[in-house]
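Engineer: After the structure tokens below, expect a handful of questions from me.
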Amino acid sequence: MSASSTAVSRENNPLEEIHPPPMPVINLGHISSDPSKRACLIDDIGKACRDLGYFQVINHGISQSVMDGALEAASEFFKLPSETKEEFASDDLRQPVRYDTSSKDSISVSRAFLKQENMGKYATEVRRVALQLIEAILESLGLGKGYLQEKFHEGLQLLAVNCYPKASQVPTTTVGLAPHSDYGFLTILLTSCQGLEVADRSSNSWKMVQQLPHALDVHTGDHMEVLSNGRIKTVVHRAVLNPEEARISIASIHGFALHEKVACAKELVDEQNPQKYKESSFSNFLDHLAANMDNKHRNFLESLRM
């Protein structure tokens, strides 16, 4: 799991106009209901992924106490003395527990110092939700129920935990994390308060996400765009500093195993839709990051385009 603290200037971000919702909200309680409701749900999920690459889920089956426990565990870590947190400092992106700091605190993966019971319960539950959503998204693409199911069930889950300061503590900026897309197929975000903005490609504007009670934020990632051969686009998003309070976020990122290659689904490649991306793995992504530490604007997905 990874944790950090960052703030960057809004001046570096081209999409400046901020628009309020509406945002897609998916009632996951219908995922196992009668076939007609499930079909409508899958259509709604597919449309949200194609149009925006982002939606919120409610009735996902994770209790409020489990969600609160995970946020509390993360908060307790960031209250530790600096020297304790620095024990986990590392530039090695493959370390199971890695801490780094800038103007936002952040830590990666899982271990006992994050109250393993609380964080472990949440990690297990959110993985279940992610697998349900991935299955539904692939069904919406016409790939069938259970497509590549074994690879997803054996795949990786990375928790990235961030602590963003209150806006008044960083007077030079309002952006906590610069615009970016996530590696992997799907990211599910749990957050303590409002502060997420997603890029709306249709209006070339940022959309502030209003935090619904007990809702989780869901983003499509780079490898979902690759697998879908561009039918679904990875979502660009950023974190802004909350004016009223510090913000904790826990991002659960889901993908294939470390060295497992992701390629465009052959069922989605034909003469009218030729292959658009090269295959790659999570290991390739880590190599890309390590090779481009001084060039933050060199996008991994762009390096895969054919």
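Engineer: What about ASP91, is it loosely packed, with under 14 Cβ neighbours inside 10 Å and either farther than 19 Å from TYR164 by Cα or at pLDDT 75 or above (or both)?
Structural biologist: In short, yes.
Engineer: Pairs needed: first member in region 211-228, over 13 Å from LEU189 (Cα atoms) and in contact (Cβ under 8 Å) with a residue 24 or more places away in the chain; second member anywhere, in a helix (DSSP H, G or I) and not aliphatic (A, V, I, L, M); C-beta distance under 7 Å; at least 6 residues apart or different chains.
Structural biologist: Partner pairs satisfying both residue conditions: ASP222/PHE300.
Engineer: Something else: Output the residues belonging to region 119-137 that are more than 27 Å from ALA74 (Cβ to Cβ) and either touching a Lys or Arg at 6+ places or on another chain (Cβ under 8 Å) or at pLDDT below 95 (or both). Working first, answer last.
Structural biologist: First, pick out the residues of region 119-137 that are more than 27 Å from ALA74 (Cβ to Cβ): 135-137.
Once the filter is applied, which keeps residues that are more than 27 Å from ALA74 (Cβ to Cβ) and either touching a Lys or Arg at 6+ places or on another chain (Cβ under 8 Å) or at pLDDT below 95 (or both), region 119-137 yields only GLU135.
Engineer: Now a separate question. Select, from ALA73, ALA39, the only residue that is at pLDDT 50 or above and touching a Leu at 6+ places or on another chain (Cβ under 6 Å). Full working, then the answer.
Structural biologist: Numbers: ALA39 fails: touching a Leu at 6+ places or on another chain (Cβ under 6 Å).
Of the residues listed, the single one that is at pLDDT 50 or above and touching a Leu at 6+ places or on another chain (Cβ under 6 Å) is ALA73.
Engineer: For the subset of region 123-151 comprising residues that are touching an Asp or Glu at 6+ places or on another chain (Cβ under 8 Å) and in a helix (DSSP H, G or I), which member is farthest from ASP44 (Cα to Cα)?
Structural biologist: LYS151
Engineer: Now for a different question. With of a type in the set (A, V, I, L, M, F, W, C) and not in a loop (DSSP other than H, G, I, E, B) as the only criterion, which of VAL226, VAL235 stands out? I'd like the intermediate steps shown before the answer.
Structural biologist: Values: VAL235 fails: not in a loop (DSSP other than H, G, I, E, B).
Just a single option satisfies the conditions, and that option is VAL226.
Engineer: Moving on to the next point. Consider region 244-296. How many of its residues are crowded, with 17+ Cβ neighbours inside 10 Å, in a helix (DSSP H, G or I) and out of contact with any helix residue (DSSP H, G or I) (no Cβ under 6 Å at 6 or more places or on another chain)?
Structural biologist: Final tally of qualifying residues: 3.
Engineer: Has region 163-173 got at least one residue that is under 16 Å from GLY221 (Cβ atoms) and among the hydroxyl-bearing types (Ser, Thr, Tyr)?
Structural biologist: Initially, region 163-173 is screened for residues under 16 Å from GLY221 (Cβ atoms), giving none.
No; the residues of region 163-173 include none that is under 16 Å from GLY221 (Cβ atoms) and among the hydroxyl-bearing types (Ser, Thr, Tyr).
The values are calculated or read from the model by the stated rules, or taken from the named source; none is laboratory data. None of these values were measured; they are calculated from a predicted model. In this analysis, Cβ positions are derived from the backbone assuming ideal geometry, glycine residues included, and neighbour counts consider all displayed protein chains.
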